[in-house]
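**Student:** Handing you a structure now.
The values are calculated or read from the model by the stated rules, or taken from the named source; none is laboratory data. If you're wondering where the values come from, they're calculated on a predicted model, not measured in any experiment. Using ideal geometry, Cβ is built from the backbone for each residue, glycine included, and neighbour counts are taken over all protein chains shown.
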Amino acid sequence: MSGRFIVAAVLVCGAPSIAAAQLPSSFQTPGKAAKVNESQVCSGDFASSAKPIAKWQRDEALTRYGKRPEDFTGELDLLIPSSLGGTTDPDNLWPQPANGELNAEAKNRLEDKLHEMVCSEKKLTLKQAQDAIKKDWVKAYRQYVEEQAAAK
């Protein structure tokens, strides 16, 4: 067996695990949205009404992932973003990896795109956008950000 074949096999087999490392656990972070509708989310002042994450919410979310809150220096992210009605409930919080191809910057681009698709373009319902990001934000990123950019 050549060394290239082994490297290729490792890369192909390891790719799903790399993407999975960028996803929150659906057990620890099932996602939680407020009872809001599209007109509320699309109003100009909705984003400014988002509440900050309380210390107890942060500590609870980090503890679920086996992280010591006092030692954590990374980014705690909302799985469903506040721009799509996501709450600061620990069910919607996860310690997002800072590095890698699919990092916080990529997720922020997805959040912006989904908000645009719900509010400006009317291509998705609020529930569809919430479900897409909640189920697998990496897959949603590839579908709504990468594929649409390639189509242009």
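**Student:** Condition test on LEU78, is it of a type in the set (A, V, I, L, M), buried (at least 20 other Cβ atoms within 10 Å of the Cβ) and over 15 Å from ALA140 (Cβ atoms)?
**Tutor:** Details: of a type in the set (A, V, I, L, M): yes; buried (at least 20 other Cβ atoms within 10 Å of the Cβ): yes; over 15 Å from ALA140 (Cβ atoms): no.
Judged against the criteria, LEU78 is not a match.
**Student:** Would you check if there is a residue in the stretch 87-106 being over 22 Å from ARG58 (Cα atoms), of a type in the set (Val, Ile, Thr) and in contact with a Leu (Cβ under 9 Å, 6 or more places away or on another chain)?
**Tutor:** Looking for residues that are over 22 Å from ARG58 (Cα atoms), of a type in the set (Val, Ile, Thr) and in contact with a Leu (Cβ under 9 Å, 6 or more places away or on another chain), one finds none in the stretch 87-106, hence no.
**Student:** Please tell me if LEU110 is touching a helix residue (DSSP H, G or I) at 6+ places or on another chain (Cβ under 6 Å) and under 23 Å from GLU147 (Cα atoms).
**Tutor:** Values: touching a helix residue (DSSP H, G or I) at 6+ places or on another chain (Cβ under 6 Å): yes; under 23 Å from GLU147 (Cα atoms): yes.
Judged against the criteria, LEU110 is a match.
Conditions tested, residue by residue: (1) among the polar types (S, T, N, Q); (2) more than 18 Å from ILE53 (Cα to Cα); (3) modelled with pLDDT of 95 or more.
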{"residue": "PHE72", "(1), (2), (3)": "no, no, no"}
{"residue": "LEU79", "(1), (2), (3)": "no, no, yes"}
{"residue": "ASN92", "(1), (2), (3)": "yes, no, yes"}
{"residue": "ASN103", "(1), (2), (3)": "yes, yes, no"}
{"residue": "ASP112", "(1), (2), (3)": "no, yes, yes"}
{"residue": "LYS122", "(1), (2), (3)": "no, yes, yes"}
{"residue": "GLN128", "(1), (2), (3)": "yes, yes, yes"}
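**Student:** When you scan the stretch 47-152 for helices (runs of 4 or more DSSP H) that lie fully inside it, which ones turn up with 2 or more residues that are in contact (Cβ under 8 Å) with a residue 40 or more places away in the chain, within 15 Å of LEU23 (Cα to Cα) and under 12 Å from the mean Cα position of the chain (by Cα)?
**Tutor:** 126-141
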